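Take a look at the structure set out below.
The values are calculated or read from the model by the stated rules, or taken from the named source; none is laboratory data. Since the structure is predicted, the reported quantities are computational estimates derived from the model, not experimental observations. Neighbour counts are summed over all protein chains in view; Cβ atoms, including those assigned to glycine, are modelled from backbone coordinates with ideal geometry. The area values use the complete protein model at the heavy-atom level, side chains included, leaving out ligands, DNA and RNA. Shrake-Rupley method; radii C 1.70, N 1.55, O 1.52, S 1.80 Å.
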Amino acid sequence: VVASGQDVGADQDASTTIETVVEPTAIVFELDGILVDTVTSRIQAWQRAFSEIGIIADRDHLAVLIGADGKRVVDGVATLVGHHIIGDVSEEIDRRAAEIFDELNTDPEPLPGAVALLTALTWSRFPWAIVTSRMGPNVSVSVDALGLPARPTIVDGSQAARPKPAPDLLLAAA
C-alpha cells in the first residue's frame, strides 16, 4: 500500500497511466508474510488451538485465512467443518491461538530483501511504517528479527476500529 496524498480509496480513472500516478510520500508494509516469515508458526498455532477443542483444521484452508482477523479465521474454519462458534468461544480460540503463536514464534526470519529495503528507506529518511493486526508485545519478536537500525513506526490491531480486511490499519498508518 502506498500513501500518496490522494484520497485513499478514491476511484482512479481507467485511463490512468504510469505517467499520471502520483509519486508516493510514504510506504506501509504488512509485518507477517511480507517482512517476516511467520506463516508456518501461525498455521501451527491455529491448528493446535482448534485441536484443543476437537476441531481438525485443514492446513491449506488456514493458509488462505492467514492475515485475517482472528474471529474471521475461527468463523471460516468452523463453517468449513460444520460447527457454529459464537462470541466468547470465538474470542477464546483466537486468544489461545495467539498464546500458542507466541510460544512458537521465538526465532522468526526476515523474508529475502526485507531488511535491505527497510534499512535503505530508513537511511534515506523516506517515511514508512509497519502494520499488523497483532497487538502489543507479541509484535516485538517479529519486528526485532528485522534487526533494523531504529525502531520503526508500528500500527497494530489495537489502533484500528475494525479488523482486516477493513482498511482501518492502513488508514491509521497513513
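Ser124 - would you say it is free of Cβ contacts under 8 Å to residues at least 40 places away in the same chain and either open to solvent by 40 Å² or more (accessible area, probe 1.4 Å) or more than 19 Å from Ala49 (Cβ to Cβ) (or both)? Yes, satisfied.
Restricting Asp7, Asp11, Asp32 to those that are among the acidic types (Asp, Glu), at pLDDT below 90 and buried (at least 19 other Cβ atoms within 10 Å of the Cβ) reduces the list to Asp32. Only residues that are modelled with pLDDT under 95 and of a type in the set (Gly, Ala, Ser) were counted across the stretch 40-50, and they come to 1. Screening the candidates Ala161, Ala166 for the property of being in a loop (DSSP other than H, G, I, E, B), of a type outside the set (Lys, Arg) and modelled with pLDDT of 85 or more yields one hit, Ala161. What do you reckon, is Thr132 at pLDDT below 95, crowded, with 17+ Cβ neighbours inside 10 Å and closer than 12 Å to Leu31 by Cα? So Thr132 passes the test. Need the failing condition index for Ala161 against (1) closer than 20 Å to Thr38 by Cα; (2) among the hydrophobic types (A, V, I, L, M, F, W, C); (3) touching a helix residue (DSSP H, G or I) at 6+ places or on another chain (Cβ under 7 Å), just the number. Tallying (1) closer than 20 Å to Thr38 by Cα; (2) among the hydrophobic types (A, V, I, L, M, F, W, C); (3) touching a helix residue (DSSP H, G or I) at 6+ places or on another chain (Cβ under 7 Å), Ala161 fails exactly one: (1). Considering only residues in the stretch 62-76 that are more than 12 Å from Thr40 (Cα to Cα) and in contact with a helix residue (DSSP H, G or I) (Cβ under 6 Å, 6 or more places away or on another chain), the one that is surrounded by the most Cβ atoms within 10 Å (Cβ to Cβ) turns out to be Val74. Within the stretch 78-103, the only residue that satisfies the criterion of being hydroxyl-bearing (Ser, Thr, Tyr) and open to solvent by less than 90 Å² (accessible area, probe 1.4 Å) is Ser90.
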